[in-house]
Each structure stands twice: as C-alpha cells, then as structure tokens.
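All remarks here apply to the structure that follows.
The values are calculated or read from the model by the stated rules, or taken from the named source; none is laboratory data. Predicted, not measured: the structure shown is a model, and the values here were computed from it. Virtual Cβ from ideal backbone geometry, glycine too; neighbours counted across all protein chains shown.
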C-alpha cells in the first residue's frame, strides 16, 4: 500500500512538473493567416478569433495554441453569420516551423442569405403621416438584399429615433424577429411598432437671471403646440451656446411632468465666467509693417443681449479706432442692427488719407449666408500726390455673401462669394455722385490628397464722371500681400500725367495657387497673380509669379512668399508675409 502511495505521489509530482515547467519554456509565436474574406468580414473574423487576439500573448504553450485552433472554425462561422453567411466552409491548418506556429484559415463564405420579405407594421396610427412612411422607407435593409444583422440593429434604432423626432416618443417594438430558412437560403423580417400618442411642445421655463425672458423667447426654434422633437432641443442648446451669453446651457424636456400631450421644457443657463473680453496682439505684415492692436468687448451689455466692442490698431502705415454696438432684432439668432464709428489714418505710395465714419447696418448672418444693408456717413480728407481734397458722403449700401467650407480656418474644400453695391448722390447731402459694385470670390478644392488648388478673383466697377470725384478709399487698387504679389501695397493702379498713382474706377484681379503638403503642418505653394485698378479696361495688368512656404496653426496659416513682378522690365522680387485663415 505504501509503495502504491509513493508511486502515485511521484506521478502527481511529475505531471505537476510538466504543467508548471511548460509555461517556463520560450513562448511560441503564432502567425495567423486568414484567406478568402476582406473588409468588414475580415475585421469581424479577426475580432472573433481567439487565436488571432492572443497570438502575441506571452507564455502560450502548445496545448493552448492547439485548443484555440480547434475553436477557430466555430468562431469564424459565428463571425460570418451577422453578414448573412450561414453556410460557410472553412479549412484549417496548424503546423510548427522552428519556434513559430503557423495557423492558416481558408474561408469560402458561400452565398449569403437574402431577405425575401420585409414587413414593418405601425400600430395605433390614427392618421396617415407622410413622415412616418418616409421613416419606414428609410429602413436600411430591403427585400432582395443580403441579410446584415448590424444594419438590422442600426435600422431598428434609427427608426425609433426618427419616430421620436416626429413626436412619437413612446414608440416601441412589440415584435421584431428574423426567420432564417437555411434550406432556401432565405430570411424574413417581421417588425411591429406600437406608435403611441404624438406629443407636443408645452410651456418653456427659463431658469436664469441674466436676460429678459421676452428676449430669450426669440431664440426658441419652436412654439407651444408644435410637434415635440428631441432634435430641436439639441439644436436649441447649440444655438444658445453660440450666443456667448452663458457659461453653461442645459435644455431639458420634463417628460415626467407632461400635461396630456404637452411636454414642458426647462432651460437652465449659468452666467459666463467673464462678461468682458480683452485682446492684445502684436505682429508684422509686409503691407502694414509692424502692427499691434488692443481690444475690448462686452458680450452682454444689458438684459436684451446688446454687445459693444472697441479696437485700437497701430501700424507703421495705418492707425485706426473702431467702435461697434450690436443690437439683436427680429430673430436674434441671426439678425442684428450694428451701429459703428470709425477713425482711420493710412498712408501708401503717393496717398495719405484720414477718415471719420459712422454707420448703421442691418445684418442677417446664418451658417452660410450673410446679407443686409444700411448707410454710412463718410468724411475723408486726403492728399494724392500734390492734390489735396476732402469729401463728405452719405453712402447707402447692400451686401450679400456666401461661405461654404468644411473648415473656415484650415479649408480642404470651400467657397466664398460676395457682392457689395453702394453709391452716393449730390442730391442727398454728398459731395460726389457715383454708383459702385464689387464682386469677389475664392474657391478652394483638394483634387488629390495633400494638394490644394486655391483660386481668387475680384471685379469692381464704378459709374462716376472722373476718378478724382472719389475719395481714395472708394477707388480701386491692386498689389500687396493679399492681392497681386510681387508688387507693393496698392502699387498697381492708374497714374496721372505726373506719374502719381491715383487709383481706378475699375478693378480686375485674379489668382491661382497650387499648394502641396510636404511634412505634418508644412506645405509649399506656387502661384500666379494678375490685376490692377484701372480707369481704362484696356490698360495692361500687373502680373506676379512666385512661390512660398506655409505653416498651419490652429488659427490659420503663416504664409511666407517670394514673388516676382514679371510684368515689369527688371522682374523685381518682393517678400510677402501674412497670417490668417483660409475663408
């Protein structure tokens, strides 16, 4: 008996030694090869295969590798079924080369199960609502398609979401099943939805002390009695955040407090950390030289959402002070009346100007469009060469612009287009009579990865007896960092008999630029620009040709360009430095 006991003890020790000793051996590396599938099928197979997930795990032993290999066929079959492949064939191989295990799985998915019938029934529907029919029709799986369980789950979720957006927040599935007949390679989908009542927006309560409730009502994108929509509440929260009036906004539907079909809404708004915003900047651009600015903005001047800003700008060639007072009107999300005042003193080439200006503007600005109009009272004293003048003008104007961009700061594809029409008349308190229109645009496209094509244009025309009837700020010029590169700021314009640059009644400008990304935030560019402010459209235009380097920052690009004025006899070179966004 004692010998038997000792023998058993020795066997147990040896077996334990094998189990303990095996993991201490060098861990085998497993090379997993999957053939026959790609895309989503391959991704799902990899995610389901234990041997693939653990192929790099330390201390795998032979027993574990073989066990995972035995389980692989079943795991692969289950990974294919969500995509409708219920009758796949799988061949497996496992062998060892040196210290590396080779696991090879060759998959023949077969013919996917197809949907022969799709029945989506809406119960408790009191009336025919076109939006419900559209929501059902948008279900991603249709008769004749391969069965895809992920699309099925996504479609179910989206269908309830669309019904909730129509006010049916109690909508729920009474039945949702898929019946698969393998012998016929066939699937039938049967779904039944209990619709429930259609809810409406109730009273809205503002939980805040900052703004007048009658002003805040203007921001609501619904009225009491409108069909209830959770999406509208998400949009409203985004709208209120964009006002910059509040530090935090929470828009909440009080579903538990509904009164019949009416759901009350509570909007909680917290004060911002700071009402005043100060800006201080220092920079350089070849058009302006060294420049600095200081600004102050109060984004909430009173309980009706008025705001005020003042900015002082000092540069080598320009000094300006700008005051702007904004008053939300009509739909305060988009509409404002802007009251402005401006002082500007600027010098370039043969010209010195000093401007005092006051303006009133109505502006509608939404995500893509800006339009409006108003008038400005403009007094300008100026010297152009040896001629001194002063003009007092009352200038009505209208503006319209479009911005479409995937990112207005660092744009991959985008478009900007604007039109401005303005004028003055001696019969309405003005020293000159003229009419003027300016059309400008910019198009950015990315035809190839890392390559941008940027094109710009501006066309202006003035109906006036003589360009000298206009103060310099209403004349047209070209040349400089943001115009025809290779020329000085406002150098390209008509001249008088003495050679003094006097500006033009017309503006013609165009530019094409090709930019190639080279490393992370760095890119290089080549460009050609042409344009001029002219009094005779047959005048020769200035042409600039050059290249540059770009560095992308969160607020735009730093652009350093070297351009040649190729329309000049000696082809002079000029350096241009600018900083800013694309659109």
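With respect to residue 163, determine if the residue is assigned by TED's automatic domain parsing to the domain that holds residue 122, loosely packed, with under 15 Cβ neighbours inside 10 Å and in contact (Cβ under 8 Å) with a residue 24 or more places away in the chain. Against the criterion (assigned by TED's automatic domain parsing to the domain that holds residue 122, loosely packed, with under 15 Cβ neighbours inside 10 Å and in contact (Cβ under 8 Å) with a residue 24 or more places away in the chain), residue 163 does not qualify.
Take the conditions part of a strand (DSSP E or B), within 22 Å of residue 403 (Cβ to Cβ) and assigned by TED's automatic domain parsing to the domain that holds residue 419 and apply them to residue 574. Does it pass? Here the answer is no, as residue 574 does not meet what is asked. Quick check: is even one residue across region 513-532 at pLDDT 95 or above and part of a loop (DSSP other than H, G, I, E, B)? There is no residue in region 513-532 that is at pLDDT 95 or above and part of a loop (DSSP other than H, G, I, E, B). Looking only at residues in region 90-120 that are exposed (fewer than 13 other Cβ atoms within 10 Å of the Cβ) and in contact with a strand residue (DSSP E or B) (Cβ under 6 Å, 6 or more places away or on another chain), the one that is nearest to residue 185 (Cα to Cα) is 117. Could you tell me which of the residues 62, 70 is surrounded by fewer than 18 Cβ atoms within 10 Å (Cβ to Cβ) and either touching a residue at least 40 places away in the same chain (Cβ under 8 Å) or assigned by TED's automatic domain parsing to the domain that holds residue 178 (or both)? Of 62, 70, the one residue that is surrounded by fewer than 18 Cβ atoms within 10 Å (Cβ to Cβ) and either touching a residue at least 40 places away in the same chain (Cβ under 8 Å) or assigned by TED's automatic domain parsing to the domain that holds residue 178 (or both) is 62.
Of all residues in region 455-483, those satisfying the criterion of being crowded, with 21+ Cβ neighbours inside 10 Å and farther than 22 Å from residue 577 by Cα are 462, 467, 470, 471, 472, 474, 475, 476. Of the residues making up region 63-90, those that are touching a helix residue (DSSP H, G or I) at 6+ places or on another chain (Cβ under 9 Å) and over 11 Å from residue 51 (Cβ atoms) number 13. Could you tell me whether region 484-500 includes any residue that is touching a strand residue (DSSP E or B) at 6+ places or on another chain (Cβ under 7 Å), closer than 28 Å to residue 387 by Cβ, free of Cβ contacts under 8 Å to residues at least 24 places away in the same chain and surrounded by fewer than 24 Cβ atoms within 10 Å (Cβ to Cβ)? Within region 484-500, one or more residues are touching a strand residue (DSSP E or B) at 6+ places or on another chain (Cβ under 7 Å), closer than 28 Å to residue 387 by Cβ, free of Cβ contacts under 8 Å to residues at least 24 places away in the same chain and surrounded by fewer than 24 Cβ atoms within 10 Å (Cβ to Cβ). Here is the figure for region 34-59: residues that are part of a helix (DSSP H, G or I) and surrounded by fewer than 13 Cβ atoms within 10 Å (Cβ to Cβ) total 4. The set of residues in region 433-446 being in contact with a strand residue (DSSP E or B) (Cβ under 6 Å, 6 or more places away or on another chain) and either outside any strand (DSSP E or B) or surrounded by fewer than 20 Cβ atoms within 10 Å (Cβ to Cβ) (or both) consists of 435, 437, 438, 439, 440, 441, 443, 445, 446. Of the residues screened, residue 139 is one that is without any contact (Cβ under 8 Å) to a residue 40 or more places away in the chain, touching a helix residue (DSSP H, G or I) at 6+ places or on another chain (Cβ under 6 Å) and not assigned by TED's automatic domain parsing to the domain that holds residue 40.
Look through 255, 217 and report the one residue that is farther than 30 Å from residue 577 by Cβ, exposed (fewer than 14 other Cβ atoms within 10 Å of the Cβ) and touching a residue at least 60 places away in the same chain (Cβ under 8 Å). Going through 255, 217 in turn, just one is farther than 30 Å from residue 577 by Cβ, exposed (fewer than 14 other Cβ atoms within 10 Å of the Cβ) and touching a residue at least 60 places away in the same chain (Cβ under 8 Å): 255.
Residues that are at pLDDT 90 or above and under 30 Å from residue 118 (Cβ atoms) number at least 3 in the following strands (runs of 3 or more DSSP E) confined to region 171-274: 172-181, 186-194. For region 335-350, filtered to residues that are in contact with a strand residue (DSSP E or B) (Cβ under 7 Å, 6 or more places away or on another chain) and over 25 Å from residue 375 (Cβ atoms), the residue that is surrounded by the most Cβ atoms within 10 Å (Cβ to Cβ) is 350.
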